[in-house]
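The values are calculated or read from the model by the stated rules, or taken from the named source; none is laboratory data. Predicted, not measured: the structure shown is a model, and the values here were computed from it. Here the Cβ is made from the backbone with ideal geometry for all residues, glycine too, and neighbour counts use every protein chain on show. We work out accessible area using only protein heavy atoms, side chains counted, and drop any ligands, DNA or RNA first. Shrake-Rupley method; radii C 1.70, N 1.55, O 1.52, S 1.80 Å.
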Amino acid sequence: MATKGKTPADFEQAIAELEQIVLQIENNEVKLEAALEKYQHGMALVKFCQEKLTEVEQKVKILDTDTHSLKDFTIV
C-alpha cells in the first residue's frame with residue numbers, strides 16, 4: 001500500500017488504498033484529525049484515479065464492423 005502523500009504505483013493500488021481509507025473512517029478507527037488527513041489523501045487518490053481513467057478512455061479503440069478497422073472511441 002502506498003504511504004500518505006506518495007503517488008500510487010497504479011490504478012488498482014489507488015483503489016485498494018481508497019477502500020482501506022473508507023473502511024477506517026466508516027468504522028471510526030481513526031481520530032478526527034487523522035480522519036481529515038485520510039480524507040484529504042483519499043481525494044488526491046480519487047484525482048489520480050480520474051486522471052488514469054481519462055488516459056485509458058483516450059486510448060480505447062472500437063472495432064468498426066463495417067470497415068474492420070479501428071477507430072477512436074468517443075463518449076457521447
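Tabulated values for the structure
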item: Which of Thr7, Thr54 is most accessible, then next, and so on - probe 1.4 Å; result: Thr7, Thr54
item: Computed FRET value (nearest 0.05) for Gln20 with Leu53, which takes r as the C-beta separation and R₀ as 30 Å; result: 0.90
item: Lys6 paired with Lys31, simple spin-label distance in nm, labels 7 Å along Cα-to-beta-carbon; result: 2.5 nm
item: Unsatisfied cross-links (Cα-Cα over 22 Å) in the set Lys6/Lys38; Lys31/Lys52; Lys38/Lys59; result: Lys31/Lys52; Lys38/Lys59
